[in-house]
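The values are calculated or read from the model by the stated rules, or taken from the named source; none is laboratory data. Values in this document were obtained by computation on a predicted structure and should not be read as measured data. Neighbour counts are summed over all protein chains in view; Cβ atoms, including those assigned to glycine, are modelled from backbone coordinates with ideal geometry.
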There are 2 protein chains.
Amino acid sequence: MPQERAPTRIQIKNRAAILEAALEVFSAHGFRGSTVDQIAAAAGLSKPNLLYYFASKETIYTALLERLLDTWLDPLRALDPGGEPLEEILAYVRRKLQMSRDLPRESRLFANEIVQGAPRIHAALSGDLKVLVDEKAEVIRDWIAAGKLAPVHPHHLIFSIWSLTQHYADFDVQVRAVLGDEDPFEAAPEFVETVFRRLLQA
Amino acid sequence: MPQERAPTRIQIKNRAAILEAALEVFSAHGFRGSTVDQIAAAAGLSKPNLLYYFASKETIYTALLERLLDTWLDPLRALDPGGEPLEEILAYVRRKLQMSRDLPRESRLFANEIVQGAPRIHAALSGDLKVLVDEKAEVIRDWIAAGKLAPVHPHHLIFSIWSLTQHYADFDVQVRAVLGDEDPFEAAPEFVETVFRRLLQA
DNA sequence: AAAGAGTTTGACCAAAAGGTCAAAGTCACG
DNA sequence: CGTGACTTTGACCTTTTGGTCAAACTCTTT
């Protein structure tokens, strides 16, 4: 098994290709809806070759989820308790919307997983995620107490940021079907900014 | 095949049981993630017996989607152009949130389908759905023009209502994991009402 | 109570899918 | 340039799964 010692050039290349292919396939079809053959084909490898790098379909999936969870939470981590409250929130909203535009597959991967009950990342949700959210909710609570933001339930505020921004990635087909020709991301930035500005302006 | 003539008592009972079971299973695992055996077991029938009522897994799924699409859009249809603008929108928001609470499986069924590109209801999205949304967006546009609502992009307003309310059903596990003991629907109604009140108050 | 319509099932089938393995091929390095 | 580590693959295995079918059973109706 290709572990323990430093990865070779080929290992680095192939592992990366597999994870990229897996993101493509899993995000479009979910875990059960994806086949190892599909992923192998997308990565340009044969199935046994792919299974030489990852022990199983499950292993690929969880490796992908873990690798991406950090990226996914970075924007929230960047929320600065020392910054100007409304601007900090709006900056967070903008970063999240940007991610929906630039990394829709990642968004859909998580959406798939969570809609189906998060069987494989439940621990992370009530662990790291909860800790991070609680911490930032506390910051928001303080801002509200200081009269810097209009009063709202901090946790639900965070949920609303997630739902509004990720909607553009997760429900992309629906949004585009309804909008017709109009590009969703034309009006979205101003719209979501308006939502949170009006909601939070003290 | 049990078609053409009036359905028997047994047909009515079994078809209903199958659709109920299919909702339970499909909403939790998606189309590919669900097996006919699972649905049959949940319906209390043998697999061949189930396939006596519906020709295939696909048939059950699309029957379910069709049957539910109307229910799903009813709250938007009820938006009354003759009503008081802000109250009409807030009533719509309340109805949608109520549906997330009372019919989370239906919400997740659609979420699963749409996240994966809506392969089986794409037509309905750019057909009936678009027509309905365009119509109601026009109503909202008029309300804004009449100075009854603060200016916002009508389509994106509707998206925001969908995303905020459905989030509580579709991402239920995540919401609960983050909130811990607190019941999401304790604060949600007031929160979403506040969001749209502050957003739209002229 | 008999006949025919409607219902149920065990046994079965073929395809799909996850995964294994031994053998062959390629690469890095002394 | 040879040797051992690393990589790749064709063939194969097993389980799962969607679906079929003929035979048996039950219900309704006359």
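In table form, for the structure just shown:
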{"quantity": "Qualifying residue in the range A:86-99 (condition: farther than 21 Å from A:Arg198 by Cα and modelled with pLDDT of 95 or more)", "calculated": "yes"}
{"quantity": "Every residue from the range B:4-22 that is touching a residue at least 12 places away in the same chain (Cβ under 8 Å) and either within 14 Å of chain A (Cβ to nearest Cβ) or within 14 Å of DNA strand C (Cβ to nearest atom) (or both)", "calculated": "B:Gln11, B:Asn14, B:Arg15, B:Ala17, B:Ile18, B:Ala21"}
{"quantity": "Any chance A:Ala111 is buried (at least 16 other Cβ atoms within 10 Å of the Cβ) and in the same structural domain as A:Val152 (by TED's automatic domain parsing)", "calculated": "yes"}
{"quantity": "Number of the condition not met by B:Ser163 [criteria: (1) under 30 Å from A:Val25 (Cβ atoms); (2) touching a strand residue (DSSP E or B) at 6+ places or on another chain (Cβ under 6 Å); (3) of a type outside the set (Val, Ile, Thr)]", "calculated": "(2)"}
{"quantity": "Conditions (1) within 14 Å of chain B (Cβ to nearest Cβ); (2) free of Cβ contacts under 8 Å to residues at least 60 places away in the same chain; (3) more than 16 Å from DNA strand C (Cβ to nearest atom): number failed by A:Val93", "calculated": "(2)"}
{"quantity": "Counted residues, the range B:9-52 - those being farther than 28 Å from B:Gly117 by Cβ, surrounded by fewer than 20 Cβ atoms within 10 Å (Cβ to Cβ) and out of contact with any Asp or Glu (no Cβ under 6 Å at 6 or more places or on another chain)", "calculated": "15"}
{"quantity": "Qualifying residue in the range B:45-68 (condition: away from DNA strand D (no atom under 16 Å from the Cβ), over 26 Å from B:Asp170 (Cβ atoms) and among the small types (Gly, Ala, Ser))", "calculated": "no"}
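Residue by residue, here is whether (1) away from DNA strand D (no atom under 16 Å from the Cβ); (2) touching a residue at least 60 places away in the same chain (Cβ under 8 Å); (3) not hydrophobic (A, V, I, L, M, F, W, C) holds:
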{"position": "B:Gly30", "(1), (2), (3)": "no, yes, yes"}
{"position": "B:Gln38", "(1), (2), (3)": "no, no, yes"}
{"position": "B:Leu79", "(1), (2), (3)": "yes, yes, no"}
{"position": "B:Gly83", "(1), (2), (3)": "yes, no, yes"}
{"position": "B:Asp102", "(1), (2), (3)": "yes, no, yes"}
{"position": "B:Ser107", "(1), (2), (3)": "yes, yes, yes"}
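Yes/no per residue for (1) within 16 Å of DNA strand C (Cβ to nearest atom); (2) not in a helix (DSSP H, G or I):
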site	(1), (2)
A:Phe31	yes, no
A:Ile39	yes, no
A:Asn49	yes, no
A:Ala55	yes, yes
A:Glu58	yes, no
A:Leu64	yes, no
A:Arg67	no, no
A:Leu73	no, no
A:Asp80	no, yes
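Each row is one residue, and each column tells you yes or no for (1) over 30 Å from B:Ile121 (Cβ atoms); (2) facing chain B (nearest Cβ under 9 Å); (3) out of contact with any helix residue (DSSP H, G or I) (no Cβ under 8 Å at 6 or more places or on another chain).
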| residue | (1), (2), (3) |
| --- | --- |
| A:Ala111 | no, yes, no |
| A:Arg120 | no, no, no |
| A:Val131 | yes, no, yes |
| A:Asp142 | yes, no, yes |
| A:Lys148 | yes, no, no |
| A:Val152 | yes, yes, no |
| A:Val178 | no, yes, no |
| A:Ala187 | no, yes, no |
| A:Val195 | no, yes, no |
